[in-house]
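Colleague: Please see the structure below; I have some questions.
No lab work stands behind these numbers, since they all come straight from the coordinates. Given the structure is predicted, the values throughout are model-derived calculations rather than measurements. Note that we place each Cβ from the backbone using ideal geometry, even for glycine, and neighbour counts take in every protein chain shown.
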Protein chains: 2
Amino acid sequence: MSANLDQVTQALRESVLAGDYEPGTALREVAVASVLGVSRTLARLAMGALEREGLLTHAPNRGFRVRLFTVDEIADAIEVRGELEALAARQAAERGLSGKLSKRLGEILDDARDIMEREAFNEIEGRIRWIELNAAFHAAIVEGAGNTPLVSAIGHVCRIPMAGPKAIVFNTTLADHGLAQVRAAHEDHEQILDAIQNRQGTRAAALIREHAYRSSRHKRQNFEDMERARSTPVPPGLALIRRPDVA
Amino acid sequence: MSANLDQVTQALRESVLAGDYEPGTALREVAVASVLGVSRTLARLAMGALEREGLLTHAPNRGFRVRLFTVDEIADAIEVRGELEALAARQAAERGLSGKLSKRLGEILDDARDIMEREAFNEIEGRIRWIELNAAFHAAIVEGAGNTPLVSAIGHVCRIPMAGPKAIVFNTTLADHGLAQVRAAHEDHEQILDAIQNRQGTRAAALIREHAYRSSRHKRQNFEDMERARSTPVPPGLALIRRPDVA
DNA sequence: TTGTGAAAATTTGCATGCAATCCAGGAGGT
DNA sequence: ACCTCCTGGATTGCATGCAAATTTTCACAA
């Protein structure tokens, strides 16, 4: 049963993020290896990778344990991401977007507007598509800065659970399934792009900072609402989309 | 010859940063392993670790190569670090420094002032000690924010060569060995601490941002001066201190 | 019952070995 | 001469095995 390291790492990452392992308990090499269907060596390599991503901790001779993330920690991570994206927006504005990127950003926003206006938002597919567009927008802004270490740093913080732009919580306890929040986010996006295209670096940075802050508030609120309404059975993985933020 | 992974990783990291391997050329497993005096497995593990730190790249079935960093890339990394430290300073100011940390920061600055005033700066030991104090100051500010993801993110960017607070280039082509630059940096530190202690978050952030920017300018200038004056033989590792930024 | 200590069992850490993959150089065909 | 394909050597990727370290178990005494 030989398998590729990246695949195994991804499988283990999803498994950890899905909560298959109790936080604080050790991940035994043999157990992990047999579940993944690979050798202990490969399992160890994958755990080492996740340790460097911050999902696991490692104590010498005592193995790996899953790290525990608090809500406050996630909020902190989002604030860090907001600050980094603010830098990205500012640099993108200062250095100027390439025509290609500018066009792509416009298309992303067009598609997103389409989804919201065509009522496609009530269906799961529409919401998942919106998540993709959101992530694409944020990624494109970062790309526009042309700052490799910045890309790397943002990738780093986005690896902590729920901190990345793909981690969106749709509040199904609301009548509109969170459409109002999404509309607000979209408005932010429009203004951010406008600021960057007009070379208004400081304005772009301020807007994206506020965008991140609001998104963090919404996320926390939605979490609490969903917890409270746990009685209502919701299809898992649909209402609460908890995807890892890595491809 | 069994050795510990962390030690091996550190040894390889220093070796790579010292330029023992030509950028772009592949690191053969057997060669690396034999130089480090360990098995191929351990060498591979260490290379994997350095890959996730960004020092090496990995192509499937084609091994690891050392990444090449341009001066611009380093400048970008320092700008990212500046932005993150600005967030740290702001949060430290907003959340308030603990009495312990505040005291420690004061002592660090006292020690640093001592070194500069006592002429100890002309000796290598004094300059090395100043580097340590500088790094300690920056680390303490970050600690003061009480933001774990922020600590992690800063640690991440500081791993790229020359980007961290320990990477200081003393310009030996100047008569004062760069003392004027160090004095300026120290003044920045004093004001930054003052701002944080007085809960002036925005001021602290602005100061540290400017501090990072100036440090980046100095670093680039010093590099160019040193390159130009390469004819003058300088003791390697002393004038140009190129330590990795990890403990 | 509770505390101490040591040995057994589990588990990690690393080295070695084998199969899969990739690169260099040349034979053969066009 | 040039392109294609193949073969030999080298290199990576993963599985297995063995020694060191840790946790658990249990006997025995206070």
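Colleague: Let's see if you can work this out: charge +1 on each Lys and Arg Cβ, -1 on each Asp and Glu Cβ, no other charges. What is the dipole magnitude of the protein assembly as shown about its Cα centre, in debye to the nearest 20?
Modeller: 800 debye
Colleague: Also: Please state, to two decimals, what the Cα-based radius of gyration of the protein assembly as shown comes to when divided by 2.2 N^0.38 Å (N = residues).
Modeller: For the protein assembly as shown, the normalised Cα radius of gyration is 1.04.
Colleague: Right, here's the next one. For B:E227, project a label point 7 Å along Cα to C-beta. Then give me every residue of the stretch B:44-80 with its amide nitrogen under 20 Å of that point.
Modeller: B:67-79
Colleague: Which is the longest run of chain A containing none of the GluC sites (Glu not before Pro) found in DSSP loop states (not H, G, I, E, B) with at most 13 other C-beta atoms within 10 Å?
Modeller: It works out to A:124-247.
Colleague: Give the angle, between 0 and 90 degrees and rounded to the nearest 10, that separates the Cα long axis of helix A:179-197 from the longest principal axis of the Cα atoms of chain A.
Modeller: With both axes taken from Cα atoms, the answer is about 70 degrees.
Colleague: Given +1 on the Cβ of Lys and Arg, -1 on the Cβ of Asp and Glu, and no further charges, what dipole in debye does the stretch B:5-66 carry about its Cα centre, rounded to the nearest 20?
Modeller: Roughly 240 debye for the stretch B:5-66.
Colleague: Placing the label point 7 Å from Cα along the Cα-to-Cβ direction, what are the distances from A:D176 to the equivalent spots in the other copies, shortest first, in nm to one decimal?
Modeller: Taking the point 7 Å beyond Cα along Cα→Cβ, the inter-copy spacings are 6.1 nm.
Colleague: Run the numbers on chain A and let me know its relative contact order in percent, using alpha-carbon pairs under 8 Å that are six or more apart. Can you show the working numbers first?
Modeller: Numbers: 309 pairs, mean separation 60.3, N = 247.
Relative contact order, chain A: 24 percent.
Colleague: Fully extended, how many nm does the chain gain between A:S98 and A:R214 (0.36 nm per residue separation, minus their Cα-Cα distance)?
Modeller: Numbers: separation 116, 0.36 × 116 = 41.76 nm, distance 2.86 nm.
The span from A:S98 to A:R214 would gain 38.9 nm if fully extended.
Colleague: Find how many whole Å separate the alpha carbon centroid of the stretch B:115-171 from the alpha carbon centroid of the stretch B:14-79.
Modeller: Answer, in whole Å: 24.
Colleague: With equal scatterers on the alpha carbons only and no solvent term, can you work out the Debye log10 of I(q)/I(0) for the stretch B:98-149 at 0.13, 0.20 1/Å?
Modeller: The Debye formula, applied to the Cα set alone, gives -0.35, -0.68.
Colleague: Normalise the Debye intensity by I(0) for the stretch B:86-173, one equal point scatterer per Cα, no solvent, then take log10 at q = 0.14, 0.24, 0.25 Å⁻¹ and round to two decimals.
Modeller: Listed by q, the Debye log ratios stand at -0.57, -1.17, -1.21.
Colleague: Among A:P161, A:L174, A:L101, whose Cα lies farthest out toward the positive end of the dipole of the stretch A:71-228, if unit charges sit on the beta carbon of Lys, Arg (+1) and Asp, Glu (-1)?
Modeller: A:L101
Colleague: Can you give the charge dipole size of the stretch A:71-228 about its Cα centre, rounded to the nearest 20 debye, using +1 on the beta carbon of Lys and Arg and -1 on the beta carbon of Asp and Glu?
Modeller: 460 debye
Colleague: I want the antiparallel fraction of DSSP beta bridges within the protein assembly as shown, as a percent rounded to 5.
Modeller: The antiparallel proportion sits near 100 percent.
Colleague: Okay, moving on. Could you give the length gained on full extension between A:E123 and A:A11, defined as 0.36 nm per residue of separation minus the Cα-Cα distance, in nm?
Modeller: Result for the pair: 37.6 nm of gain on full extension.
Colleague: Among A:L50, B:G201, A:L27, flag the residue with its Cα farthest along the positive direction of the charge dipole of the protein assembly as shown, charges on Cβ as +1 for Lys/Arg and -1 for Asp/Glu.
Modeller: A:L27
Colleague: For B:K219, give me every one of the lysines with a C-alpha distance below 21 angstrom, ignoring sequence neighbours fewer than eight places off in its own chain.
Modeller: Correct list for B:K219: B:K166.
Colleague: Can I ask one more? B:D114 label points, 7 Å along Cα→Cβ, one per copy: pairwise distances from this copy to the rest in nm, shortest first?
Modeller: Copy-to-copy label distances for B:D114: 6.8 nm.
Colleague: Still on this structure: Specify the angular offset, from 0 to 90 degrees and rounded to the nearest 10, of the alpha carbon long axis of helix B:40-53 from the longest principal axis of the alpha carbons in chain B.
Modeller: Its long axis makes an angle of about 40 degrees.
Colleague: Can you sort A:F170, A:F223 so the residue with the fewest Cβ neighbours within 10 Å comes first?
Modeller: A:F223, A:F170
Colleague: Further, regarding this structure: Under the convention of a label 7 Å out along Cα→Cβ, give the distances in nm from A:P60 to the same position in every other copy, shortest first.
Modeller: Nearest first, the other copies' label points are 3.5 nm away.
Colleague: Take the Cβ-Cβ distance between A:T25 and A:V71 as r, set R0 to 22 Å, and report the resulting FRET efficiency rounded to the nearest 0.05.
Modeller: 0.55
Colleague: Hey, could you grab the Kirkwood Rh for chain A? Inverse mean 1/r over distinct alpha carbon pairs, Å, one decimal.
Modeller: About 19.4 Å for chain A.
Colleague: For chain B, take the longest principal axis of its alpha carbons; what is the angle in degrees between that and the long axis of helix B:99-117, to the nearest 10 within 0 to 90?
Modeller: The two axes meet at around 90 degrees.
Colleague: With unit charges on the beta carbon (Lys/Arg positive, Asp/Glu negative), name the residue among A:L36, A:A139, B:L87 whose Cα is farthest towards the positive pole of the charge dipole of the protein assembly as shown.
Modeller: Of the candidates, A:L36 comes out farthest on the positive side.
Colleague: So, one more: Can you list the trypsin sites (Lys or Arg not before Pro) in the stretch A:41-88 that are in a DSSP coil and have 13 or fewer other beta carbons within 10 angstrom? Spell out each step's value before the answer.
Modeller: Details: sites: A:R44, A:R52, A:R62, A:R65, A:R67, A:R81; in loops: A:R62, A:R67.
Hits after loop and neighbour filter: A:R62.
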